[in-house]
Amino acid sequence: MVGDNGAGKSTLLRVVAGLMQPSQGSVTLLGAGTAREVAHRIGYMGHAPLLYDELDGMENLRYFAGLYGLQDDGIGRDAMRTVGLDPDLERRVGQYSQGMRQRLSLARAVLHNPELMLLDEPFSNVDVHSARDMAAVLGRVRDRGKTIFVVTHQSALMEQVADEFVHMAEGKIVSRERVRQVQMSAGSGAGGER
Amino acid sequence: MKPLSIAFIVFTLALLGFSTYQALFVAPTEQTMGDVQRIFYYHVPSAWVAGVCFFVNFLASVAYILKRNSDADALAAASAEVGVVFCTIVLITGPIWARPVWGIWWTWDARLTTTLVLWLIYVSYLILRHFATGSQTKLLAAVLAIFGFVDVPIVYMSIRWFRTQHPSPVMGGGENSGLDPAMLHAFLWNLLAFTCVGIILVVARYRLQQMENEVEAEHARLALAGGAR
Amino acid sequence: MSAVGVTKSTLLKDLRMEWRSKDAINSMLFFSLLVVVIFSFAFNPTAEQSRLIAGGLIWVAFLFAAVVALNQTWARELRNQVLDAYRVSPAPPNALFLAKVLGNFLFVVVLEALMAPLFVVFYQLRSVGPVWQLVVIALLGTWALVVNGTFFAALSIRTRSREIMLPLILFPISIPALLAMVDATTSILTGESSPDFWIKLLLVYDVIFTAVCLLLFESVLNAE
């Protein structure tokens, strides 16, 4: 999902995640029901880190895994390694760099192996190299049959990986295209097909 | 305004005039307290209206939590405000009556204290409504209203018990016991008049709140629609 | 994980975080000490009188300490918007609520345990009635303050002037509980009457309001 600031991308994601009630209409996920009903099958990554600064990486993941009924530490450790973090690092999250926090936030969102992932700006504050790695990881996750919504300014990162681009402006979906190779610069249609 | 509304307002004004005449001139003077006792005709009906308003607020708040109907919220807001006004009247007329008669401005008896606590609870409700930001003001206020209303009987019981342990002067202890029939007459007229005034105020405030809600909803609609250009 | 499990893990997490930062504990401890000292300057009774007013003084002091604790209940969940992570998960909202209430309860009880001896010393208190009853009153009364306080703290999250909002809506509703706590404490200290009715009233108050809080918490948590 791409679009200018204020287009409503984050809001839409929050509504889909069940964090906000829509003013009109309703949301049905996974053909089953509202976000609360399928909470264990969806994962949400917000704009803010959604982590406890006073705990270290594994402590955070252990707590959140518990919320989904997962007791095995191995899950958290795997998730941290997947995003490129060291599970044995005892540093508190408050002392992480921005990029590390971003990656741990992603780990937290996908910890419980959800079928539907809602990611808000997963690449912000992450260096280009790592961002490309993350995009590739997302692609592989998609190949395993998961659905991923990604809100981002950096549509270039998603070019090789995304199945569909959804363009939003001023609170409405303006266009959608199922493509892999279309060149789209965020916010304008320059050099692209619509 | 609809002709029925105008008629009702005129009727109420006339009723109020008549009941005031009854209270001030027709009803006999109380033998021990003198003319100051006539405050009773304002004090007790005000308490009655306040109580009814707060009960309506409770029902409207429950309705809002269950149905999320903004009209229910409008009624809750209106009844709380009018209730607080009448409750204030009770708290002011009480001491004015008490001072010349019993020599004290205030006493912590069960009824007065409960009225004071009631007033505090609903003023805090109004302040919450004022200070809450965002679209969820109505829900938060409705929740608080339920807490407040559930608390009232507990407040009364606790103060009653406190007073049996630590007795102190009771104001106007049994006004309703042995009320002279001529006084009862004036009292009932005032009760009716105040109830009608209460209804008018609540309905007026309710309509105002409904309009405010509508404006808010329209703004939201425009914001949504404004996206398509 | 079951609701109980979530409550437990949340409570442990909160305790661990509090232990690490020691933010709230230290400031509250010192604040409680200050309150006791200032009250002692303001109200300087002789030993016989002290038993009569001590009930009121102690509970007002505890009330202020409780408000300081309650105000920071949700502070950590709001930083980094962590609360969203909980809301999105399948964990039941009431488990979160109970964890917070229990955490606050433990906190305030610890404070009371530290402040009470100070009061005894400064006011030369001796209890005529049985002390175990004082403990019962303290526990029931603290629960009454903390259960509503934690709930209203959550309500206040979405208001301006958050810190003043909490005591503003908490105090009026807590009046019957406060009356019970104060009068029961006084009647036990002076030995002049039985606190039985007050204990029953506090029990009823606790049950009713805990139920109301549990019923309504989910709506408040998801109000956005």
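Structure above, values below:
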item	result
Residues being hydroxyl-bearing (Ser, Thr, Tyr) and more than 21 Å from C:Ala138 (Cα to Cα) - total across segment C:150-182	3
Qualifying residue in segment B:1-18 (condition: hydroxyl-bearing (Ser, Thr, Tyr), modelled with pLDDT under 95 and in a helix (DSSP H, G or I))	yes
Selection from segment C:215-224 of residues that are in a loop (DSSP other than H, G, I, E, B) and aliphatic (A, V, I, L, M)	C:Ala223
Filter result (farther than 18 Å from A:Gly18 by Cα, without any contact (Cβ under 8 Å) to a residue 40 or more places away in the chain and small (Gly, Ala, Ser)) within segment C:62-103	C:Ala75
Criterion: more than 12 Å from every other protein chain (Cβ to nearest Cβ) and buried (at least 24 other Cβ atoms within 10 Å of the Cβ) - qualifying residue of C:Ala138, C:Ala85, C:Ala69	C:Ala69
Test: B:Leu112 is in contact with an Asp or Glu (Cβ under 7 Å, 6 or more places away or on another chain), in contact (Cβ under 8 Å) with a residue 40 or more places away in the chain, more than 7 Å from chain C (Cβ to nearest Cβ) and not basic (Lys, Arg)	no
Criterion violated by C:Trp132 - all others in (1) in a helix (DSSP H, G or I); (2) touching a helix residue (DSSP H, G or I) at 6+ places or on another chain (Cβ under 9 Å) satisfied	(2)
Segment B:136-146, subset modelled with pLDDT of 90 or more and over 11 Å from C:Val220 (Cβ atoms), residue surrounded by the fewest Cβ atoms within 10 Å (Cβ to Cβ)	B:Ile146
Helices (runs of 4 or more DSSP H) within segment C:24-98 that include 3 or more residues under 30 Å from A:Glu37 (Cβ atoms) and touching a strand residue (DSSP E or B) at 6+ places or on another chain (Cβ under 9 Å)	C:82-88
Residues (without any contact (Cβ under 8 Å) to a residue 40 or more places away in the chain and surrounded by 16 or more Cβ atoms within 10 Å (Cβ to Cβ)) located in segment B:31-49	B:Arg38
Output for segment B:98-130, where each listed residue is hydrophobic (A, V, I, L, M, F, W, C), out of contact with any Gly (no Cβ under 7 Å at 6 or more places or on another chain) and more than 30 Å from C:Glu163 (Cβ to Cβ)	B:Ala98, B:Val101, B:Trp102, B:Ile104, B:Trp105, B:Trp106, B:Ala110
Members of segment C:107-158 found to be more than 9 Å from the chain's Cα centre (by Cα), of a type in the set (Gly, Ala, Ser) and modelled with pLDDT of 85 or more, listed by number	C:Ala113, C:Ala116, C:Ala138, C:Ala153, C:Ala154, C:Ser156
Residue list for segment A:150-164, filter: crowded, with 19+ Cβ neighbours inside 10 Å and either small (Gly, Ala, Ser) or not in a loop (DSSP other than H, G, I, E, B) (or both)	A:Val150, A:Val151, A:Ser155, A:Leu157, A:Met158, A:Ala162
Tally, over segment C:176-214, of residues that are of a type outside the set (A, V, I, L, M, F, W, C) and assigned to a helix (DSSP H, G or I)	11
Filter pass, B:Arg205 being modelled with pLDDT of 75 or more and crowded, with 16+ Cβ neighbours inside 10 Å	yes
Residue in segment A:1-16 that is in contact with a helix residue (DSSP H, G or I) (Cβ under 6 Å, 6 or more places away or on another chain) and surrounded by fewer than 19 Cβ atoms within 10 Å (Cβ to Cβ) present	no
Given (1) within 14 Å of chain A (Cβ to nearest Cβ); (2) at pLDDT below 85, index of the condition C:Ser32 fails	(1)
Filter result for the condition that a residue is closer than 28 Å to A:Ser175 by Cα and among the β-branched types (Val, Ile, Thr), over A:Val93, A:Val2, A:Val83	A:Val2
Residue that is nearest to B:Phe147 (Cα to Cα), among those in segment C:148-169 that are crowded, with 22+ Cβ neighbours inside 10 Å and more than 10 Å from every other protein chain (Cβ to nearest Cβ)	C:Gly149
Hits in segment B:128-154 (condition: assigned to a helix (DSSP H, G or I), facing another protein chain (nearest Cβ under 7 Å), out of contact with any Leu (no Cβ under 6 Å at 6 or more places or on another chain) and within 20 Å of B:Ala74 (Cβ to Cβ))	B:Phe131, B:Leu139, B:Ile146, B:Gly148
In segment B:182-227, the residues that are charged (D, E, K, R) and within 14 Å of chain A (Cβ to nearest Cβ)	B:Glu216, B:Glu218, B:Arg221
Test: residue in segment B:96-111 that is hydroxyl-bearing (Ser, Thr, Tyr) and part of a helix (DSSP H, G or I)	no
Verdict on A:Gly25 being without any contact (Cβ under 8 Å) to a residue 60 or more places away in the chain, among the small types (Gly, Ala, Ser), assigned to a helix (DSSP H, G or I) and under 25 Å from C:Glu218 (Cβ atoms)	no
Scan of segment A:29-54 for residues that are modelled with pLDDT of 90 or more, more than 7 Å from chain C (Cβ to nearest Cβ) and either part of a loop (DSSP other than H, G, I, E, B) or surrounded by fewer than 19 Cβ atoms within 10 Å (Cβ to Cβ) (or both), ordered by number	A:Arg41
Test: residue in segment B:58-73 that is surrounded by fewer than 24 Cβ atoms within 10 Å (Cβ to Cβ) and within 26 Å of B:Val36 (Cβ to Cβ)	no
Selected residue (only one of A:Ala169, A:Ala131 is over 23 Å from C:Leu83 (Cα atoms), in contact (Cβ under 8 Å) with a residue 60 or more places away in the chain and surrounded by fewer than 22 Cβ atoms within 10 Å (Cβ to Cβ))	A:Ala169
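The values are calculated or read from the model by the stated rules, or taken from the named source; none is laboratory data. Predicted, not measured: the structure shown is a model, and the values here were computed from it. FYI the Cβ positions are ideal-geometry reconstructions off the backbone, even for glycines, and counts take in every protein chain you see.
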